[in-house]
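Take a look at the structure set out below.
Values in this text are rule-based calculations from the coordinates and carry no lab data. All values derive from a computational prediction rather than experimental measurement. Counting neighbours? That spans all protein chains shown, and the Cβs are built from the backbone with ideal geometry, glycine included.
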Amino acid sequence: MSWRGWLIVFTGVILAFYVFLFRIYPFLAVTHRVDTNVLVIEGWIHEYAIRAALKEFQNNHYQRVFTTGGPVEGTGGYINDYNTAASVGADLLRKNGLPNESLQMVPSRVMDRDRTYASAVALRTWFREHNLTVRGVNVLTEDVHARRTCLLFQKALGHNVAVGVISVPNPDYDANHWWRYSEGVKDVVAENVAYIYARLLFFYPPDSARGEKTFAGDLANSKP
């Protein structure tokens, strides 16, 4: 290879490294709200994100809050609905002051692969069984998990439901210099791989789990 070829390769490597270092975090930790009165909170999030979720509810015009999530890690699998991340998240929200009448937990029974997608499917099923019209949801999650969360909820809920996402930054490291922290490196690298998996490689949900038509009913008149 000529020196010009090596220069092109070297320039490409440097450019790719720059993009990964400085652009990957904001790409993964995206926040994009849609106009909706439905807030969905992933129940596995830490307490700092629970507090952010409460502020999100208080500062906007949400009528309903749903918590999602499957069996709590370390339980060995599904036991009952109260041993799920959805239940744990709902309890933390109540303790932090979220009104019980606005809150509904929607547990999933799936613990193995594709847990985020399974949680979104469980939410879709709950909407259908309770005859709710849902035109859009905002999903609150942690940090770099946001991009994949938005993708998988959109896959599950279908194109008739607008999906927004809210990323809560991890206070344990500086997002602008995530590579200086072991936790930041672990989070960004793992979530980048998981997003590629969900987007391009191995994630093919069965037809029965794909988004369906918007569910009939009236959200304003529904009960938790």
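Here are a few things to note about the model shown:
- Region 80-129, dipole about Cα centre (Lys/Arg Cβ +1, Asp/Glu Cβ -1), debye to the nearest 20: 100 debye
- Remark: region 86-102, residue by residue, has Karplus-estimated 3J(HN,Hα) of 4, 6, 4, x, 5, 4, 5, 5, 4, 4, 8, x, 6, x, 4, 5, 9 Hz, where x stands for each Gly or Pro and the curve is 6.51 cos²θ - 1.76 cosθ + 1.60 at θ = phi - 60°.
- According to the calculation over all Cα-Cα pairs in region 28-81, the P(r) per 5 Å bin from zero is 4, 15, 22, 23, 16, 9, 8, 2 %.
- The value given for region 110-152 is a Kirkwood hydrodynamic radius of 11.5 Å, derived from the mean inverse Cα-Cα separation.
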